[in-house]
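First up is the structure itself, then whatever we jot down about it.
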Amino acid sequence: MADLTTISTKGQVVIPQHIREELSLEEGSQLVVSRMEDFVVLKKVSILDPKKEFEELTKIGERHAKKIGIKSEEDVVRIVHEARKKRF
């Protein structure tokens with residue numbers, strides 16, 4: 001069943017209580033907002049603490065670098081220059 005809501009003067013929309021409860025949405029919950037033709041789509045997302053996410057990405061990057069033999073910043077610069085030469 002569809003619910004009717006109204007946009008406030010600040011562009012805010014109230015999500016009906018039963019939907020918030022079903023999706024466990026509470027103050028501070030994060031949603032992705034997207035437009036599909038004349039639809040506005042809200043999708044609940046869970047984003048890690050940015051510091052923790054950065055640490056995880058750093059660990060992944062370090063493992064990958066080790067795997068392909070990157071040991072220093074100079075190695076990275078050399079690889080970038082080589083890739084640019086191949087590109088042009």
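Every number in this text was worked out from the coordinates using simple rules, so none of it is lab data. Remember, predicted model here, so these are calculated numbers, not experimental data. Neighbour counts are summed over all protein chains in view; Cβ atoms, including those assigned to glycine, are modelled from backbone coordinates with ideal geometry.
Can you name every residue in region 19-59 that is of a type outside the set (K, R), surrounded by 10 or more Cβ atoms within 10 Å (Cβ to Cβ) and more than 30 Å from T6 (Cα to Cα)? Matches in region 19-59: L48, E53, F54, E55, E56, L57, T58.
In the set (1) surrounded by fewer than 10 Cβ atoms within 10 Å (Cβ to Cβ); (2) in contact with a helix residue (DSSP H, G or I) (Cβ under 9 Å, 6 or more places away or on another chain), I70 fails one condition alone, (1).
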